[in-house]
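Engineer: Below is the structure I would like to discuss, written out as structure tokens.
Read-outs throughout are calculated quantities, based only on the coordinates presented, and are distinct from any laboratory measurement. Since this is a predicted model, take the numbers as computed values, not measurements. Ideal geometry is used to build each Cβ from the backbone, glycine not excepted, and the neighbour counts take in all protein chains shown.
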Amino acid sequence: MILTVLKYGHPTLRKKGSRIEPITPGIRQLVADMLETMQDATGVGLAAQQVGHALQLLVVDVRGIADRPSSLQIDGQSVEVADYMPMVLIDPEIRPTAEPVSGAEGCLSFPEIYSDVSRPATVEVSARNEKGEKVKFHCGGLLARAVQHEQDHLNGILFIDRMTADNKKEIKPLLEDLQAETKTALAKGKG
């Protein structure tokens with residue numbers, strides 16, 4: 001089922017997610033719905049907060065993004081990224097393994113708003129998948145950026161919080177309009 005993606009200004013986007021224990025049929029259904037929603041919106045990542053659930057759950061899928069390549073290593077061996085997509089990460093822990101680099105980001109909760117954000121170029125990730133199995137990998141490129149972006153959502157952090165003051169000032173009118181639209185929708189019970 002395709003879920004509604006919450007827009008900037010919705011209070012759930014600022015909530016820190018609860019850890020998931022155990023992985024219930026309801027959680028597995030939420031995972032399936034999030035994957036369908038992300039694919040329908042042609043996104044590369046989606047966090048539970050973005051669909052109204054303050055949980056430590058995210059999904060990513062960077063297949064088909066040729067202009068922003070990704071790298072993935074499991075047990076120290078490089079593997080084909082597409083073979084591991086889409087990815088479901090529950091209770092993820094992320095450790096930076098390189099210096100930050102600036103790169104363009106957008107967000108399904110901020111339609112048509114893009115800006116450069118600085119994030120570590122590579123990260124080490126450990127989490128569980130939807131089956132409860134432990135997953136651990138090292139990644140770079142767009143995959144590293146997407147995982148960090150979505151993990152921020154799990155902690156109530158939005159990509160606008162990571163922008164430089166100048167970049168945020170540049171898009172301020174767009175942010176104010178989006179926030180006003182969201183508040184109006186919430187007031188009408190449509191948020």
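Engineer: What does the charge dipole of the range 1-101 about its Cα centre add up to, to the nearest 20 debye, if the Cβ of each Lys and Arg holds +1 and the Cβ of each Asp and Glu holds -1?
Structural biologist: My answer is approximately 520 debye.
Engineer: With θ taken as phi - 60° and the coefficients 6.51, -1.76 and 1.60, list the Karplus ³J(HN,Hα) couplings across the range 42-59 in order, rounded to whole Hz; mark glycine and proline as x.
Structural biologist: 6, x, 9, x, 7, 9, 4, 4, 5, 10, x, 10, 7, 10, 8, 9, 9, 10
Engineer: Now a separate question. In whole Hz, with x marking every Gly and Pro, tabulate ³J(HN,Hα) for the range 82-87 from phi via Karplus 6.51 cos²θ - 1.76 cosθ + 1.60, θ = phi - 60°.
Structural biologist: 4, 5, 10, 9, x, 10
Engineer: Same structure, new question: Which of Gly45, His10, Thr97 sits farthest toward the positive end of the charge dipole of the chain, with +1 on the Cβ of Lys and Arg and -1 on the Cβ of Asp and Glu?
Structural biologist: So the residue furthest toward the plus end is His10.
Engineer: Take every DSSP beta bridge whose two residues both sit in the chain, then give the antiparallel share in percent to the nearest 5.
Structural biologist: 95 percent
Engineer: Using θ = phi - 60° and the Karplus relation 6.51 cos²θ - 1.76 cosθ + 1.60, list the HN-Hα couplings for the range 4-13 in order, rounded to whole Hz, with x at every Gly or Pro.
Structural biologist: Taking θ as phi minus 60°, the curve returns 7, 8, 5, 9, 3, x, 6, x, 4, 5 Hz for the range 4-13.
Engineer: If you don't mind, there's one more thing I want to ask. Based on Cβ point charges of +1 for Lys and Arg and -1 for Asp and Glu, what charge dipole magnitude is obtained for the chain about its Cα centre, in debye rounded to the nearest 20? Don't skip to the answer; put the middle values down first.
Structural biologist: On the way: 22 positive and 26 negative charges, 130 e Å.
It works out to roughly 620 debye.
Engineer: Could you give the length gained on full extension between Glu133 and Asp166, defined as 0.36 nm per residue of separation minus the Cα-Cα distance, in nm?
Structural biologist: Between Glu133 and Asp166, full extension yields 7.6 nm more.
Engineer: Hand me the trypsin sites (Lys or Arg not before Pro) from the range 6-40 located in a DSSP loop with no more than 14 other Cβ atoms within 10 Å, in residue order please.
Structural biologist: Working: sites: Lys7, Arg14, Lys15, Lys16, Arg19, Arg28; in loops: Lys7, Lys15, Arg19.
Passing both the DSSP loop test and the Cβ count: Arg19.
Engineer: Please go through the range 1-102 and write out the GluC sites (Glu not before Pro) that DSSP classes as loop and that have at most 11 other C-beta atoms within 10 Å.
Structural biologist: For GluC sites (Glu not before Pro) across the range 1-102 that sit outside H, G, I, E and B with at most 11 neighbouring Cβ atoms in 10 Å, the list reads Glu80.
Engineer: Something else now. Which three lengths, in whole Å and largest first, does the chain cover when its Cα atoms are put on their principal axes?
Structural biologist: For the chain, the Cα spread along each principal axis is 49, 41, 26 Å.
Engineer: Next up: Around Thr97, which amide H atoms from residues at least 5 apart in sequence, or from another chain, sit under 5 Å from its own amide H, with H modelled in the peptide plane?
Structural biologist: Thr122, Val123, Glu124
Engineer: In addition: Where nothing but the Cβ of Lys and Arg (+1) and of Asp and Glu (-1) is charged, how large is the charge dipole of the range 148-191 around its Cα centre, in debye to the nearest 20? Can you show the working numbers first?
Structural biologist: Details: 7 positive and 8 negative charges, 45 e Å.
About 220 debye.
Engineer: Moving to a separate point now. Among the trypsin sites (Lys or Arg not before Pro) within the range 116-173, which fall in a DSSP loop and have no more than 15 other Cβ atoms within 10 Å of their own Cβ?
Structural biologist: Sites meeting the loop and neighbour criteria: Lys131.
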